[in-house]
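Down below is the structure, laid out as structure tokens.
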């Protein structure tokens with residue numbers, strides 16, 4: 001099912017659309033729905049105390065797709081990303097309203113255990129954060145605590161498979177007992193991705209995963225994202241519009257806590273329908 005906005009456009013929006021771009025921020029422009037969603041978000045609001053950071057966001061996260069979330073600093077894209085595995089629960093003053101479902105399960109249900117949720121919806125942060133353990137133990141930690149390995153042989157297989165899928169096996173196989181912190185920045189980020197996929201998540205969230213990396217390491221991560229899409233659903237926050245264009249199938253543009261426009265990545269970057277989106281991607285704003 002495809003719809004063009006989260007609300008019926010008024011006369012002003014219709015006039016603006018006829019002129020080329022929409023300027024109102026009352027409703028999201030574009031297709032918020034996808035045919036095969038892995039996660040569905042409806043009317044999500046986020047508050048930090050009395051301050052509202054996210055305003056009435058509705059969005060589907062498509063299965064085996066990469067969706068990139070772009071927008072200027074402070075626009076709410078990382079805050080929204082953290083809603084998808086309840087990372088905002090760690091902030092005392094944060095309150096989330098609305099509904100977020102994964103496979104028809106409301107992830108904000110009061111009886112839901114967030115530990116398995118965060119295994120199903122893994123997170124890769126802006127700065128690589130390997131545990132102060134060996135490369136092997138970084139990968140083995142999750143399967144151990146979630147009871148996913150039957151024995152040492154099975155655990156070895158999970159470690160090797162995860163490192164291979166993260167493109168790090170050949171570089172790390174002879175130093176598995178060495179500290180993960182001894183790897184280069186790009187290798188550490190791939191280690192963190194391997195750690196995330198070791199527990200067989202359904203969704204991987206990435207919050208500016210390449211912002212601290214050099215261009216060569218960034219290219220490797222982007223290649224990896226494209227490969228992982230075959231098996232995982234990925235949502236990535238990025239400040240790099242070039243990266244969004246390279247790695248994602250859908251793009252969502254945020255502005256001042258609102259989801260302004262969402263659509264196929266090619267369409268967003270070649271013919272944005274909202275004036276704010278157009279101004280941002282052409283460098284006139286942000």
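Among the conditions (1) surrounded by fewer than 21 Cβ atoms within 10 Å (Cβ to Cβ); (2) in contact (Cβ under 8 Å) with a residue 60 or more places away in the chain, residue 257 misses just one, which is (1).
Determine if the stretch 244-262 includes at least one residue that is over 26 Å from residue 40 (Cβ atoms) and touching a strand residue (DSSP E or B) at 6+ places or on another chain (Cβ under 9 Å). No, the stretch 244-262 has no match at all. A search for C-beta distances below 9 Å between a residue of the stretch 266-286 that is over 20 Å from residue 246 (Cα atoms) and any residue that is surrounded by 23 or more Cβ atoms within 10 Å (Cβ to Cβ) and at pLDDT below 95, counting only pairs 6+ apart in sequence or on different chains, returns 273/22; 274/22; 275/22; 276/22.
If you go through the stretch 223-243 and pick out every residue that is buried (at least 20 other Cβ atoms within 10 Å of the Cβ) and out of contact with any strand residue (DSSP E or B) (no Cβ under 8 Å at 6 or more places or on another chain), you end up with 1. The set of residues in the stretch 68-82 that are crowded, with 24+ Cβ neighbours inside 10 Å and closer than 14 Å to residue 40 by Cα contains only 80.
Look at residue 181 and say whether it is surrounded by fewer than 24 Cβ atoms within 10 Å (Cβ to Cβ), in contact with a helix residue (DSSP H, G or I) (Cβ under 9 Å, 6 or more places away or on another chain) and closer than 27 Å to residue 55 by Cα. No: the conditions fail for residue 181. Only one entry in 143, 130 is part of a helix (DSSP H, G or I) and in contact with a helix residue (DSSP H, G or I) (Cβ under 6 Å, 6 or more places away or on another chain), namely 143.
Could you please give the count of residues in the stretch 98-109 that are over 16 Å from residue 38 (Cα atoms) and exposed (fewer than 13 other Cβ atoms within 10 Å of the Cβ)? Of the residues in that region, 1 qualify.
The values are calculated or read from the model by the stated rules, or taken from the named source; none is laboratory data. Nothing here was measured: the structure is a model prediction, and the numbers come from that model. Backbone-built Cβ (ideal geometry, glycine too); neighbour counts: all protein chains shown.
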